[in-house]
1. Just to be sure, is Gly44 surrounded by fewer than 19 Cβ atoms within 10 Å (Cβ to Cβ) and closer than 13 Å to Ala103 by Cβ?
2. For Leu240, only one of the following conditions fails: (1) outside any helix (DSSP H, G or I); (2) within 18 Å of Phe164 (Cβ to Cβ); (3) within 17 Å of the chain's Cα centre (by Cα). What is its number?
3. So for region 140-156 (the condition being loosely packed, with under 14 Cβ neighbours inside 10 Å and of a type in the set (Gly, Ala, Ser)), does at least one residue qualify?
4. List every residue pair whose Cβ atoms sit under 8 Å apart, with the two residues 6 or more apart in sequence or on different chains, where the first one lies in region 291-303 and is over 18 Å from Leu280 (Cβ atoms) and at pLDDT below 95 and the second, anywhere, is surrounded by fewer than 14 Cβ atoms within 10 Å (Cβ to Cβ) and not hydroxyl-bearing (Ser, Thr, Tyr).
5. All but one of (1) surrounded by 15 or more Cβ atoms within 10 Å (Cβ to Cβ); (2) under 15 Å from Glu315 (Cβ atoms) hold for Ser175; state the number of the condition that does not hold.
6. Out of region 197-220, which residues are surrounded by fewer than 23 Cβ atoms within 10 Å (Cβ to Cβ), under 13 Å from the mean Cα position of the chain (by Cα) and not in a loop (DSSP other than H, G, I, E, B)?
7. With the structure loaded, tell me whether Ala90 is closer than 20 Å to Val222 by Cβ, touching a residue at least 12 places away in the same chain (Cβ under 8 Å) and of a type in the set (A, V, I, L, M, F, W, C) or whether it fails that test.
Amino acid sequence: MDSDQPFSSLTPDGVMDAVDSVGLAPDGRLLALNSFENRVYQIGMEEGPPLVAKFYRPDRWSDAAILEEHAFVADLADREIPVVPPLSLAGGTLHRFAGFRFALFEKHGGRAPELDAPDTLEWLGRFIGRIHAVGAVSSYQHRPRLDIESFGSEPRDYLLSHDFIPADIRTVWHSVADQALTGVRRSFADAGKTRGLRLHGDCHVGNVLWTDGGATRGPHFVDFDDSRMGPAVQDLWLLLSGERTEMTRQLKLLLSGYRRFCDFDPRELRLIEALRTLRLIHYSAWIARRWQDPAFPPAFPWFNTQRYWQDRILELREQVALMDEPPLELD
C-alpha cells in the first residue's frame, strides 16, 4: 500500500465487497461523506436503512487503539448517552478487507446545533458531562494523551524539518511558534496537575448532529476517532466563540449542564487558550503530513502559500497575547 496515497486501491467495488464480507447485502448505492483523515461512505442496503462505512487510514491507529475507542462509545450508548457506536457484525466491530480496516455504523441525520441558543448550550453541557463521568471511570491504555509534546513541539519540528514554511519567513514563524509554546507551558504550569480522562477529543459543532423532533430530539455526538486522554476543558472550549464576554456567557451555560453530572476543576480555565494554541500548530502539521494524499490539495488549496504562513504567524502572536491575559471567570 502506497503510504502517500493510502486509499488509492479503495474502489467503489471494494467498498461494496467489504460490506458484503460481514454478511450484509448492499444495493449498489454509494455516497462519499465528508472525511479527510479516513474514508467514510453511506451505503444503501437491500433491506433496511442505509449504513455508514468508515475505512480507517492505514497505520494511524493500532487495532487495540481502535477497539478501545469502540468499547468506550459502546459503553456510552449502553448508558443511553446519544452517541453512534459501531455495529457488532461477524463477531466484532473492527473488520478487515483487502488490506483495509473498517467499521459500520447506523446512519444518523441532523444539523449543526445553534450555539446562540442558551438551552442548546446547557443541553450539550449535560451530555458532555455524562460522557466525561463515564470517561473518568477508567483510562485508555493504547490511545495517546493530549500533551504539549505531541500537539505542539513535535508538530513544530515536523513542519520545520520538512521545509513547508517559506525560507524568507521560516525564522519568524519558528520564533513565534517557540514563544507560543513557552506560553503553553506556562499556562499548564499555572493550572497545576489536572485530571486526565477519556475525551471525545474533537468536540466541535461538526461532530454534533442535532435533531428537532421525536424521541431522538437533541444532540448526537459522532466521530470519536480523535478520542484520547486529556483535560475535560478540551471538550468544552471548542464550542466557545466570539469575544471574551461572549465566551464567558457560553461557558457558564455549558457548565450549568455539565456540573449536573461531572465535577469541573476551574483551574482548567487556564488551559483554554493554551489548548487552542496547540490545536493551531497541530492542525498545520496534520495537513502537511497528509499533503501527498490526493484528497488534500483540492480541499486545502490555500495551504502552504506565503499568505497562509503569514496568517499563521499573526494567529500565533495573538495567542501569545491571549495566554498572557487572565483566564475566563465563571463568578
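The values are calculated or read from the model by the stated rules, or taken from the named source; none is laboratory data. A quick note: this is a predicted structure, and the numbers were derived from the prediction, not measured. Don't worry about glycine lacking a Cβ; one is built from the backbone with ideal geometry, like all the others, and counts go over all protein chains shown.
1. Taking the combined requirement at face value, the residue does not satisfy it.
2. (2)
3. No: zero hits.
4. Gln292/Asp4; Gln292/Gln5; Asp293/Asp4; Asp293/Gln5; Pro294/Gln5
5. (1)
6. Val205, Gly206, Asn207
7. No: the conditions fail for Ala90.
A quick yes/no check of all residues on (1) within 25 Å of Ala180 (Cα to Cα); (2) of a type in the set (S, T, N, Q); (3) out of contact with any helix residue (DSSP H, G or I) (no Cβ under 7 Å at 6 or more places or on another chain):
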residue: Thr248; (1), (2), (3): yes, yes, yes
residue: Leu255; (1), (2), (3): no, no, no
residue: Ile272; (1), (2), (3): yes, no, no
residue: Ile281; (1), (2), (3): yes, no, no
residue: Ala299; (1), (2), (3): no, no, yes
residue: Phe303; (1), (2), (3): yes, no, no
residue: Trp309; (1), (2), (3): yes, no, no
